[in-house]
Amino acid sequence: MSDVLVVYTDDEPGVLTRVASLFRRRSFNIHSLTVGPTERPGVSRMTLVVDTDESTARRAVEHLRKLVNVLEVQHLGSGGSNVVRDLALIRVNAGPTKRSEVLQLVEVFRANVVDIAEDTLVIECTGSLAKIEALVDTLRPFGIIELGRTGAVAMARGTPTTLKAKVAPLRTGTGGGAMSV
Amino acid sequence: MSKAETRTGAQLIWESLVREGVDIVFGYPGGAILPTYDAMTEYPIRHVLVRHEQSAVHMADGYARASGRVGVVVATSGPGATNLVTGLATAMLDSTPLVAITGQVGSGLLGTDAFQEVDITGITLPVTKHNYLVTRAEDVVPALREAFAVARSGRPGPVLVDITKDAQQSRATLDWEGAEPHRHLRHLPAPVDPAALAQALELIREAKRPVILAGHGIQLSGARAEVMALAERADIPFALTLLGLGAVPATHSLSLGMMGMHGESWVNRAIQEADLLLALGMRFDDRVTGKLKEYAPHAKKIHIDIDASELNKNVAVDVAIAADLGEVLRALLPQVPAADHSAWRGTIREWRGDSAVRDIKNLPDDGHLYAAHVMHDLWRITKGEAVVVSDVGQHQMWEAQYYHHDGERSLITSGGAGTMGFALPAAIGAKLARPEAEIWVVAGDGGFQMTFAELMTAVQEGVKVNIAVINNGYLGMVRQWQALFYEGRYAATPILSPDFVKLADAFGLPGQRVEARADVAAAIEQARAAGSTALIEFKVEQEDSVYPMVPAGAALHDMIRRPSPSVLAETGSDPV
Ligand SMILES: Cc1ncc(C[n+]2csc(CCOP(=O)(O)OP(=O)(O)O)c2C)c(N)n1
Ligand SMILES: [Mg+2]
């Protein structure tokens, strides 16, 4: 079962390693992990989709909370009360005879064509994990040549997710530039 | 800012340590940490030169466990830093607050495989609470202040601060107040939920056969008085984990003794038959639960621990409270009603009587010396008031069974990691923390040979510890498993030892050898009276085993008991 965690961390070298190392060591399976900046300078936001049961996910949350670099963890769960978005780039066979059929499907899925070559198209699709999987399945008979996905970014619907402000990042940038992520 | 107000990174390191209240560090120098050593002599901090960096961590660990203060280690880059790993893992698993400072190659060389460059922050990621790579002098103070705060706060643990050589050499101003740490506050426990307290009270009120499981967290929280108040008011007997020994007094009438793999049979039976377990500052390690499916099947469970990730991990509980134990109990106590569980205690007492006949201490003298005799005599002669630092193996379990620890912080041992070689260096650290205490090392012939070079550290530092080497000619605990579970094939467990008396002599220390029970007491007295570190080699029965024993993975009530006394008295050998 997929469970979604949102983790706010210091934007510091090595933080991704700490999170990844924790998941490896405790044998928590990561389906996808994305990181990016947030509305607050110095704070990064990770979305983790984990393949695990509810109690293991809860344990992962408690372990994440023990990392010094973690400001907050939200356990969004697996229900439909979250907005979960993934982006896929799909290079698919679409020679002259198949092209119009593929373009129709792109329409249906409200995806975009972002590159056209003689025999192939690159399709960009944003949406829920289920939507992207459905598009991929639909295009498979045409021949998928290349598939890349970003991994999910998630947010709870409704109630705003406020970040506790009292715990500022370390004043100076210890961690140094040399410790790579 | 004038130049006069700046200091080198090296000076800032010592300045920070002094301000954190550190007056002793354990370390070993080398190229990448040399600027720091060079600045050391300007500061009022004692440096203990070890013989191996692993021992420096164990010493700092023993120092911290004996005193409750943060232990500090200093080492150089590369091999100096990697030698710390076992010590850090040991401290991590037993929640000891440490700060380890390592030198690192210059920041310009990082990532180039320069001489003695090792990615020690990468290596120690899973065995520290947190670690830092500091590449600029101005980051030294913030990193160290936070390191101390992280080491001490919540569930304590080791923190490593790796500081490049140029960060030690370049200059920065000291801004102590500006470096006030905050991030360790992020995850301190939320206020205790009153509903959870009410539920716990309800369970305590209803219990007929309650047992307290007393763990290391009692000591870390400083909650002895609160735990005793709870036990006495609600009349609840307590069982102890290995690291819980000393957290509450062993000779108290409510004390049952140690639980788990080598716990006494009546203790494990009490747990299996209990209708309520109050787990206080312990973590249901597999060594204390045995087979989880059959663990305490009749008991409701209340678990209080400061580390939320320990709750509902191995054992699903009815009430889980993530908070400082002392705080929770202080909130709980005023509402705990007085109770009388004398019937339950009487039942346990009967089970206990049944075990006495198998107790090696009560068996007729067969002319052999048993480690149990040595531990019993050591306890008697020191009136149970010594601080014992035990190593890992059979002797560790015999110590736990036969030395009754009443005093707080009176047993120091590597529980979670089971690190052989821990005892001697940890004991030296403990003595430096508590110079007035009588310290005894209890080590096996195997483990003692791992770190006995530290005898010279004791000599150089003028430290007196007393050492009991329990020589059974085997890596005894492993031999016991081979005897019980591998049909007696003793692969790689017979171990030769040097002449320990001559060895002590080579270090300029008094040594004795004891082979008969009648000589045990006098030897112990003589070692105590010596002005220096003193060693006694006890040549004990070679193939004795630790009983009772719950085999790994078996249910707690499925114990292997010491076979009937007559067999033992006849053959004097391992009756397996
Ligand atoms: C560093 C390390 N290596 C290996 C072990 C596995 N081990 C556990 S107990 C033991 C035997 C210890 O022998 P000794 O020190 O003579 O003590 P005894 O059991 O004989 O009392 C061994 C090898 C360990 N715990 N630690
Ligand atoms: Mg041995």
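Got at least one residue in region B:432-441 being within 15 Å of ligand 2 (Cβ to nearest atom) and surrounded by fewer than 22 Cβ atoms within 10 Å (Cβ to Cβ)?
No; the residues of region B:432-441 include none that is within 15 Å of ligand 2 (Cβ to nearest atom) and surrounded by fewer than 22 Cβ atoms within 10 Å (Cβ to Cβ).
A:Arg85 meets all of the listed conditions (1) in contact with a His (Cβ under 9 Å, 6 or more places away or on another chain); (2) closer than 19 Å to A:Pro37 by Cα; (3) basic (Lys, Arg) but one, namely (1).
Yes or no, residue by residue, for (1) modelled with pLDDT under 95; (2) hydrophobic (A, V, I, L, M, F, W, C); (3) open to solvent by 40 Å² or more (accessible area, probe 1.4 Å):
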residue: A:Leu103; (1), (2), (3): no, yes, yes
residue: A:Asn112; (1), (2), (3): no, no, yes
residue: A:Asp115; (1), (2), (3): no, no, yes
residue: A:Thr120; (1), (2), (3): no, no, no
residue: A:Glu124; (1), (2), (3): no, no, yes
residue: A:Val136; (1), (2), (3): no, yes, no
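Screening B:Asp365 on (1) assigned to a loop (DSSP other than H, G, I, E, B); (2) at negative phi; (3) within 14 Å of chain A (Cβ to nearest Cβ); (4) at pLDDT below 95 shows it passes everything except condition (3).
On the given criteria, is B:Glu454 in contact (Cβ under 8 Å) with a residue 40 or more places away in the chain and either within 16 Å of ligand 2 (Cβ to nearest atom) or within 14 Å of chain A (Cβ to nearest Cβ) (or both)? Judged against the criteria, B:Glu454 is not a match. Exactly one residue among A:Val61, A:Val114, A:Val102 is within 22 Å of the chain's Cα centre (by Cα) and more than 14 Å from chain B (Cβ to nearest Cβ), and that residue is A:Val114. If you go through region B:148-169 and keep only what is open to solvent by 30 Å² or more (accessible area, probe 1.4 Å) and either in contact with a strand residue (DSSP E or B) (Cβ under 7 Å, 6 or more places away or on another chain) or not in a loop (DSSP other than H, G, I, E, B) (or both), you end up with B:Arg152, B:Lys165, B:Asp166, B:Gln169.
Given the criterion without any contact (Cβ under 8 Å) to a residue 12 or more places away in the chain, surrounded by 17 or more Cβ atoms within 10 Å (Cβ to Cβ) and either at the interface with another protein chain (Cβ under 10 Å from one of its Cβ atoms) or over 24 Å from the mean Cα position of the chain (by Cα) (or both), identify the matching residue among B:Arg209, B:Arg186.
B:Arg186
Looking across region B:82-125 at every residue that is acidic (Asp, Glu) and within 14 Å of chain A (Cβ to nearest Cβ), the one that is least open to solvent (accessible area, probe 1.4 Å) is identified as B:Glu117.
The set of residues from region B:457-471 being open to solvent by less than 10 Å² (accessible area, probe 1.4 Å) and either part of a strand (DSSP E or B) or within 14 Å of ligand 2 (Cβ to nearest atom) (or both) comprises B:Asn466, B:Ile467, B:Ala468, B:Val469, B:Ile470. Only strands (runs of 3 or more DSSP E) whose full extent lies in region A:46-140 are considered here, and the ones with at least 1 residues that are touching a Lys or Arg at 6+ places or on another chain (Cβ under 6 Å) are A:70-77, A:82-93, A:120-127. Put simply, of B:Ala504, B:Ala516 the only residue that is open to solvent by less than 20 Å² (accessible area, probe 1.4 Å) and of a type outside the set (Ser, Thr, Tyr) is B:Ala504.
Of B:Gly447, B:Gly476, all but one fail to be in contact with a Phe, Trp or Tyr (Cβ under 8 Å, 6 or more places away or on another chain), within 15 Å of ligand 1 (Cβ to nearest atom), open to solvent by less than 30 Å² (accessible area, probe 1.4 Å) and in contact (Cβ under 8 Å) with a residue 24 or more places away in the chain; the exception is B:Gly447. Taken over region B:257-290, the residue count meeting the criterion of being free of Cβ contacts under 8 Å to residues at least 40 places away in the same chain and in a loop (DSSP other than H, G, I, E, B) is 1. In region B:401-410, of all residues being within 16 Å of ligand 1 (Cβ to nearest atom) and open to solvent by 10 Å² or more (accessible area, probe 1.4 Å), the one that is farthest from the other protein chains (Cβ to nearest Cβ) corresponds to B:Tyr402. Scanning region B:305-324 for residues that are over 15 Å from B:Gly222 (Cβ atoms), open to solvent by less than 20 Å² (accessible area, probe 1.4 Å) and assigned to a loop (DSSP other than H, G, I, E, B) yields B:Asp307, B:Val315. A single member of B:Ala322, B:Ala316 is under 24 Å from A:Leu64 (Cβ atoms) and in contact with a Pro (Cβ under 8 Å, 6 or more places away or on another chain), and it is B:Ala322. Among the residues of region B:1-40, the ones that are surrounded by fewer than 16 Cβ atoms within 10 Å (Cβ to Cβ) and acidic (Asp, Glu) come to 3 in all. For residues that are assigned to a helix (DSSP H, G or I) and exposed (fewer than 13 other Cβ atoms within 10 Å of the Cβ), scanning just region B:170-183, find the one that is nearest to the other protein chains (Cβ to nearest Cβ). The residue in question is B:Gly178. Among the residues of this structure, B:Gly384 does not count as one that is at negative phi, part of a loop (DSSP other than H, G, I, E, B) and surrounded by fewer than 22 Cβ atoms within 10 Å (Cβ to Cβ). Residues of region B:479-496 that are within 11 Å of ligand 2 (Cβ to nearest atom) and either in a helix (DSSP H, G or I) or in contact (Cβ under 8 Å) with a residue 60 or more places away in the chain (or both): B:Arg479, B:Gln480.
Can you confirm whether A:Asp11 is open to solvent by 30 Å² or more (accessible area, probe 1.4 Å), of a type in the set (D, E, K, R) and under 26 Å from B:Leu311 (Cα atoms)? Answer is no for this residue. Here B:Leu243, B:Leu278 are screened, and the one residue that is touching an Asp or Glu at 6+ places or on another chain (Cβ under 9 Å), in the same structural domain as B:Ala207 (by TED's automatic domain parsing) and crowded, with 24+ Cβ neighbours inside 10 Å is B:Leu243.
What do you reckon, is B:Glu327 open to solvent by 20 Å² or more (accessible area, probe 1.4 Å), under 30 Å from B:Arg358 (Cα atoms) and not aliphatic (A, V, I, L, M)?
Against the criterion (open to solvent by 20 Å² or more (accessible area, probe 1.4 Å), under 30 Å from B:Arg358 (Cα atoms) and not aliphatic (A, V, I, L, M)), B:Glu327 does not qualify.
Scan region A:8-30 for residues that are part of a strand (DSSP E or B) and in contact with a helix residue (DSSP H, G or I) (Cβ under 9 Å, 6 or more places away or on another chain) and jot them down. Residues satisfying the conditions are A:Thr9, A:Asp10, A:Ile30.
Scanning region B:345-358 for residues that are open to solvent by less than 50 Å² (accessible area, probe 1.4 Å), under 18 Å from B:Gly263 (Cα atoms) and without any contact (Cβ under 8 Å) to a residue 24 or more places away in the chain yields B:Gly353, B:Ala356. Within region B:189-206, restricting attention to residues that are open to solvent by 60 Å² or more (accessible area, probe 1.4 Å) and not aliphatic (A, V, I, L, M), the residue that is farthest from the other protein chains (Cβ to nearest Cβ) is B:Arg205.
The values are calculated or read from the model by the stated rules, or taken from the named source; none is laboratory data. Here the structure is a predicted model, which means the values were calculated and not measured. Glycine gets a Cβ as well: all are built from the backbone with ideal geometry, and neighbour counts include every protein chain shown. Only protein heavy atoms, including side chains, enter the accessible area calculation; ligands, DNA and RNA are left aside. Shrake-Rupley method; radii C 1.70, N 1.55, O 1.52, S 1.80 Å.
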